[in-house]
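What follows is a short report on a single structure.
The values are calculated or read from the model by the stated rules, or taken from the named source; none is laboratory data. Every value quoted in this text rests on a predicted model; they were computed, and no experiment measured them. Cβ placement follows ideal geometry from the backbone for every residue including glycine, while neighbour counts extend to all protein chains displayed. Accessible surface areas use protein heavy atoms only, side chains included; no ligands, DNA or RNA. Shrake-Rupley method; radii C 1.70, N 1.55, O 1.52, S 1.80 Å.
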Amino acid sequence: MLDLTSSLSVSLQCLNPPTQRDTPARRWRERLVFGQLMRASWRLMRVSQQKLEHTKAGQFFSSGHTNNWAVLVCTSRFWFNYRHVANTLSVYRSVKRLGIPDSHIVLMLADDMACNYRNPKPATVFSHKNMELNVYGDDVEVDYRGYEVTVENFLRVLTGRLPTSTPRSKRLLSDDRSNILIYLTGHGGNGFLKFQDSEEISNMELADAFEQMWQKRRYNELLFIIDTCQGASMYERFYSPNLMALASSQVGEDSLSHQPDLAIGVHLMDKYTFYLLEFLEEVHPASQANMNDLFKVCPQSQCVSTPGHRTDLFQRDPGSVLITDFFGSVRKVEITKDTIDLTSPLETPMQRSGSGDLQIESLTYVDQLPVAEIIHQKPKQKDWHPPDGFILGLWTLILLVFFKTYGIKHLKHIF
């Protein structure tokens, strides 16, 4: 840049020489100086453009990860905790839609709600009141189920200390270039999360497990999300680098359920996860949404509880961290020298049967429904059911009329 600046200053001096008569030599010198100015300005533009391109490339590669993993855990058993299974399966569906394959997802469900004898629609788990989005689907791969979901197994998955006989599908095979999403949901308190109503994991045990992962180079960056009562207490003890955490509630607050369903008899989801998934439905693999957008999900006016987040251990600015750095997947790139025409419309994949009829290729369950529309549409009209307390109020009215008319001496005729 010094030679460009000096040449510009010299050229400017030449444009203002001492007063002299207009001669051919002077006109030739002015043309020469003007040419030098044009060349210098063009070189300045090229340098600034190259710096801009390098800046964009630096932002593109700033994450430094080459693969993505997800560990999704539901820690609750029993039918009344239906919503916790629906929470986990909904997050599972979202990360698969954004590109993380089953081979890079460890799914842990403490109970099988789809096959529960109280389920009015077997082999299904719904996350919305209109019962159109079956998050259980037809290709869910549960890695740990039932009594396999324990504190010990969860910690072994994180730290990699599993028996040699453990199959690859039950292992977190991450490395120092892996971005990991860890999602937990269940019942918790100040500094602990319950597993199966029989044991619990403390915030210190979880913090030590993350430190072991860092020491063993098992992650590049880690995003921790927990939807439970007093969830913020679970990340208070974290001390490992490159770790970002979000929680559905602060210490001393409850994380509330959402969408009660009369047919199933339970709540379908928790508030925080519901609005989290509503946000994720607007995200696509090329989306530029960042973590600051995620922090705004489910404010207190919607969740009643106060969601919290922690970023002091994270080295990058959350505003530069894309949502797809954790919820998506890094795609393999194939370099080719062949010319590819991108202007022609893409053909819908079809198969032609022997009889000549066209058969459209079936889609996977994550693409079958326009979920963004389902979330905002009104529930279908169902059969009328009396509201809560209606029957009790009706009997009270009958008894009052009876006492008013006949008195208490005729009460024996009722019972």
For R161, placing the label point 7 angstrom along Cα-to-beta-carbon and taking segment 183-216, residues whose amide nitrogen sits under 11 Å are 209, 212-213
Of the listed links K96/K296; K170/K194; K129/K170; K216/K296; K194/K216; K129/K194, those spanning more than 30 angstrom between alpha carbons are K129/K170; K216/K296
To the nearest 0.05, the calculated FRET efficiency linking D102 and R46 through their beta-carbon distance, R0 being 45 Å, is 0.40
What the 10 Å binned alpha carbon P(r) of segment 173-268 shows, as percent of pairs per bin from 0, is 16, 41, 29, 11, 3
Stretched fully, the stretch from E278 through L394 gains (0.36 nm per residue minus C-alpha distance, one decimal, in nm) 37.7 nm
Treating every alpha carbon of segment 248-287 as one equal point scatterer without solvent, the Debye formula yields log10 I(q)/I(0) values at q = 0.33 Å⁻¹ of -1.02
Of the accessible area of segment 229-296, computed with a 1.4 Å probe and all protein chains kept, carbon and sulfur make up a percent value of 49 percent
For segment 70-112, the per residue accessible area (1.4 Å probe, Å²) is 18 Å²
Label model pair N130, R177: point-to-point distance (7 angstrom along the Cα→beta-carbon line) in nm is 4.3 nm
Contour minus Cα-Cα span, F402 to E211, at 0.36 nm per residue, comes to 61.6 nm
Expected unfolding gain across L32-I335 under the 0.36 nm per residue rule, minus the alpha-carbon gap, is 104.5 nm
Expressed per residue, the solvent accessible area of segment 141-289 in Å² (1.4 Å probe) is about 40 Å²
For segment 194-331, the Kirkwood Rh over every pair of distinct alpha carbons, in Å, works out to 16.2 Å
One checks the Cα atoms of segment 118-229 and finds Rg and Dmax, in Å, of 16.2, 48
